[in-house]
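Trainee: Sharing a structure below in structure tokens format, with a few things to ask.
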Amino acid sequence: MRTDGRRRRAAAGLAAAGLVLGGVLVARELASPVFGMRQGPLAKDPACARIAAHYPDRLDGDRRDPFTYEGLAAWGHGKVRLRCGLNPPAPAKDPCIAVNGVDWVLREAAARDGHDLLVTYGRRPAVEVTLSASVRQTDTVLMELSRLVAPVRQSDHCLAGH
């Protein structure tokens with residue numbers, strides 16, 4: 001009988017340890033910079049995987065945040081956030097800028113809390129980038145991210161003369 005009691009206590013201890021570990025992992029995930037970002041409907045597109053394979057380790061001097069969700073990346077505790085796998089935006093009157101051959105639409109209405117929200121135009125899947133006001137080198141960050149996005153075939157331009 002003593003063996004059965006030991007087994008039960010060991011099983012109960014193992015189960016409790018599993019619950020504690022699970023709770024720690026959930027709490028860590030909820031506290032991570034990715035919390036609040038949702039995957040886009042096309043996040044599993046192979047183009048997003050190709051982009052993810054070339055995420056830089058650093059942007060604006062900040063390290064890439066350690067999480068693994070398809071189509072999502074962040075640097076500097078969410079200071080720069082990237083979502084790959086969105087449906088391309090429809091033509092709109094939002095401002096558009098071209099950076100190294102990639103058209104980005106500035107979604108002024110969607111920007112909030114001092115963050116700029118940009119979405120690639122004319123590429124499927126589209127990529128969305130959110131930049132905090134604390135990003136020091138916006139131009140450099142957009143050049144680096146444009147390099148990542150450039151291999152996704154562009155079918156339309158938001159700026160004339162491309």
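Trainee: Can you list the HN-Hα couplings for the stretch 86-101, worked out from phi with the Karplus curve (6.51, -1.76, 1.60; θ = phi - 60°), rounded to whole Hz and with x for Gly and Pro?
Mentor: Values per residue, Gly and Pro as x: 9, 6, x, x, 6, x, 8, 8, 5, x, 10, 10, 10, 10, 6, x Hz.
Trainee: Report the net charge of residues surrounding residue 106, where surrounding means a beta-carbon distance below 12 angstrom and charges are Lys +1, Arg +1, Asp -1, Glu -1.
Mentor: -3
Trainee: Using 0.36 nm times the number of residues separating residue 55 and residue 69, minus their current alpha carbon distance, what extension gain do you get?
Mentor: 3.7 nm
Trainee: Further question: Within the stretch 77-162, report the trypsin sites (Lys or Arg not before Pro) that DSSP leaves as loop and that have at most 13 other Cβ atoms within 10 Å.
Mentor: Details: sites: 79, 81, 83, 93, 107, 112, 123, 136, 147, 153; in loops: 79, 93, 107, 112, 136, 153.
Passing both the DSSP loop test and the Cβ count: 93, 112, 136, 153.
Trainee: Any chance you could tell me what percent of the C-alpha pair distances in the stretch 50-99 go past 15 Å?
Mentor: The answer is 55 percent, as a whole percent.
Trainee: Per residue, how large is the accessible surface of the stretch 36-111? Use a 1.4 angstrom probe and give square angstrom.
Mentor: 55
The values are calculated or read from the model by the stated rules, or taken from the named source; none is laboratory data. From a predicted model like this one, the values you see are computed outputs, not experimental measurements. A quick note on method: Cβ atoms are made from the backbone with ideal geometry, for glycine too, and the neighbour counts reach across all protein chains shown. Surface areas here come from the heavy atoms of the whole protein model, side chains and all, with no ligands, DNA or RNA. Shrake-Rupley method; radii C 1.70, N 1.55, O 1.52, S 1.80 Å.
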